[in-house]
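Structure first, then comments.
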Amino acid sequence: MFARSAARQLSSVRQFSSSAARNTNVTVLGAGGGIGQPLSLLLKLDPHVKRLNLYDIRGAPGVAADVSHIDSASEVKGFEADQLEAALEGAEVIVVPAGVPRKPGMSRDDLFSTNASVIRDLATAAARVAPKANICIITNPVNSMVPIASRVYEKAGVYDPKRIFGVSTLDVVRATRFLAGIVGQDPANTPVTVVGGHSGETIVPLFSQQAAAAGITGEAYKKLVHRVQFGGDEVVQAKAGAGSATLSMAYAGATFANALFRGLAGEKGVITPSYVRSPLFESEGIDFFASNIELGPNGVEKIHSLGELTAEEQEYLKAAKDGLKKNIQKGFAFLE
Ligand code: NAD
Ligand code: LMR
């Protein structure tokens, strides 16, 4: 189960918890962008962060100067385009929202050719400069970018599958929020586990595992699942060419990072979904899969099985696996 809901996690960030040890060096790659800026702001507020390095091919020093005036204790530094290695020096957690976002009419897969090179190059530098850091990939298509980064680390001889994460938290945030809206409850009390991957049909919310969703059946259930699977499109269309989700994603990214910080600091029972190297469907040729994982000092401590699924969820899972297989193969093929 989800140890702490997304909303509860953020409220602990907001309270500037004094119990958290400020001991993690964090680097954001893509800090000047639509996600990168608010994400950097939220990381500046996180009590676990000791040092925050902000890198982008444009604009990071300005973002860093701005964020650095916030009166929390972490130190913030900005880096120019030619300072990638310096930005990664000493990083323990690297968060990556670098790359192009969708416009209306595009799929996440349409971003592949541009973003694959971005992830390849950033992962190559990270593997060289900070090979033991935990890397959290937000860049789309996440389903293919995580295999690419993993292969880069493998080729560099420093691959630790426990430290590479695809950030699928926005799906959890959406499923939780949409369900709470329907049943009229506080989202803090309706956390939903979402498994599979991060795009359309590969996103599988497990509403059967959340008691608050028990009364949602038939067409209403299908509509809710569809809204979670295609919530990203809702934002892309509403932004009408100005990009995709940035603010909710910054929140989701900061929430996932906070869970990772707590796990790294030795807190027990920090469990949240993430798209990682996974044994769950490896025998079917699916090397990466999002499911609940327990975070700990070494990154992924434990990968949870999916638990019991309804017949409908089994059907959704089948479609997800078909999509994932193709996305993962495409990622691997990029580096052949
Ligand atoms: P954006 O265009 O606003 O920002 C991207 C930033 O990346 C820009 O500042 C750009 O200069 C920078 N960048 C590009 N190449 C770089 C490189 N080689 N090194 C460093 N920085 C580089 O886009 P955005 O809205 O912030 O979205 C970023 C990515 O996140 C997109 O791929 C988007 O699809 C993805 N995204 C993922 C999720 C998710 O749930 N995982 C949610 C929303 C968006
Ligand atoms: C999302 O789910 O909002 C992101 O993956 C961005 C997108 O392209 O939809």
Criterion (at pLDDT 95 or above, crowded, with 20+ Cβ neighbours inside 10 Å and more than 20 Å from Ser107 (Cβ to Cβ)) met by exactly one of Ala250, Ala265, Ala211: Ala250
Looking only at the stretch 231-249, count how many residues are farther than 14 Å from Arg174 by Cα and either near ligand 1 (Cβ under 10 Å from one of its atoms) or touching a residue at least 12 places away in the same chain (Cβ under 8 Å) (or both). 8
Examine the stretch 149-158 for a residue that is out of contact with any Pro (no Cβ under 9 Å at 6 or more places or on another chain), within 9 Å of ligand 1 (Cβ to nearest atom) and at pLDDT 95 or above, and state whether such a residue exists. no
Only one residue in Arg227, Arg163 is among the basic types (Lys, Arg), in contact with a Lys or Arg (Cβ under 9 Å, 6 or more places away or on another chain), within 16 Å of ligand 2 (Cβ to nearest atom) and touching a residue at least 40 places away in the same chain (Cβ under 8 Å). Which one? Arg227
Tabulated pairs, the stretch 291-302, first surrounded by fewer than 16 Cβ atoms within 10 Å (Cβ to Cβ), second acidic (Asp, Glu), C-beta under 9 angstrom, 6+ apart or interchain: Asn298/Asp160; Glu301/Glu294; Lys302/Glu294
Given Ala240, Ala220, Ala188, which one is within 16 Å of ligand 2 (Cβ to nearest atom), of a type in the set (A, V, I, L, M) and surrounded by fewer than 20 Cβ atoms within 10 Å (Cβ to Cβ)? Ala240
Criterion violated by Ser150 - all others in (1) part of a helix (DSSP H, G or I); (2) surrounded by fewer than 24 Cβ atoms within 10 Å (Cβ to Cβ) satisfied: (2)
Any idea how many residues of the stretch 51-104 are over 21 Å from the mean Cα position of the chain (by Cα), away from ligand 1 (no atom under 14 Å from the Cβ) and within 15 Å of Ala133 (Cβ to Cβ)? 2
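The values are calculated or read from the model by the stated rules, or taken from the named source; none is laboratory data. Computed from a predicted structure; not experimentally measured. A quick note on method: Cβ atoms are made from the backbone with ideal geometry, for glycine too, and the neighbour counts reach across all protein chains shown.
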